[in-house]
1. Place a +1 charge on the Cβ of each Lys and Arg in the chain and a -1 charge on the Cβ of each Asp and Glu, then give the dipole magnitude about the Cα centre in debye, rounded to the nearest 20.
2. Filter the chymotrypsin sites (Phe, Trp or Tyr not before Pro) in region 1-105 down to the DSSP loop ones having no more than 11 other Cβ atoms within 10 Å, then list what survives.
3. Quick one: accessible area per residue over the chain, 1.4 Å probe, rounded to a whole number of Å²?
4. Counting only other residues whose beta carbon sits under 10 Å from that of A40, what net charge do I get with K and R as +1, D and E as -1?
5. Suppose a student asked you for the relative contact order of the chain, using Cα pairs under 8 Å spaced at least 6 residues apart; what percent would you report?
6. What lysines does K43 reach when the alpha-carbon gap must be under 27 Å and sequence neighbours fewer than 8 apart in one chain are set aside?
7. Relative contact order, percent, of region 6-59 when contacts are C-alpha pairs under 8 Å separated by at least 6 residues?
8. Accessible area of the chain with a 1.4 Å probe: how many percent of it is carbon plus sulfur?
Amino acid sequence: QVQLVESGGGSVQPGGSLRLSCATSGIIFSIADMGWYRQAPGKERELVATINRGGTTNYADSVKGRSTISRDFAKNTVYLEMNVLKPEDTAVYYCHAGGLGRDYWGKGTLVTVSS
């Protein structure tokens, strides 16, 4: 059974930092293209960052320069570190696994940036 389980969300003040984790099981993590997406209230889900099996990363312009996506092959886990958080970063953050014949999604973790 495939599972993508996000953690690390929470409430943080503007300018703060968070590190999101996505622990995976049931997929061949070593060949998966992993990513983080987010969905703010009333908005469509959007890409935040991706990292492919070779380690190449891609970021949305809105988070570029203040976010880092990484993966640990030993732990089958992908991370998203976000710094200098802004209120507009408030959203549910979803983990995604692709390149496996179909897409897999986690259930999401809520990030709230507010003073």
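1. Details: 12 positive and 10 negative charges, 24 e Å.
The calculated dipole for the chain is roughly 120 debye.
2. On the way: sites: F29, W36, Y37, Y59, F73, Y79, Y93, Y94, Y104, W105; in loops: F73.
Qualifying residues, ordered by number: F73.
3. Numbers: 6070 Å² over 115 residues.
Accessible surface, normalised per residue, equals 53 Å².
4. Cβ neighbours under 10 Å give a net charge of -1.
5. Values: 280 pairs, mean separation 41.9, N = 115.
36 percent.
6. Of all the lysines, those that pass the test against K43 - Cα under 27 Å, at least 8 places apart if same chain - are K64, K86, K107.
7. Numbers: 57 pairs, mean separation 12.6, N = 54.
For region 6-59, the relative contact order is 23 percent.
8. Numbers: 2850 of 6070 Å².
Solvent-exposed carbon and sulfur of the chain make up 47 percent of the total.
The values are calculated or read from the model by the stated rules, or taken from the named source; none is laboratory data. These numbers were taken from a predicted model, which means no experiment stands behind them. Here Cβ is always computed from backbone atoms with ideal geometry, including for glycine, and neighbour counts include all displayed protein chains. Surface accessibility is based on the protein's heavy atoms, side chains included, excluding ligands, DNA and RNA. Shrake-Rupley method; radii C 1.70, N 1.55, O 1.52, S 1.80 Å.
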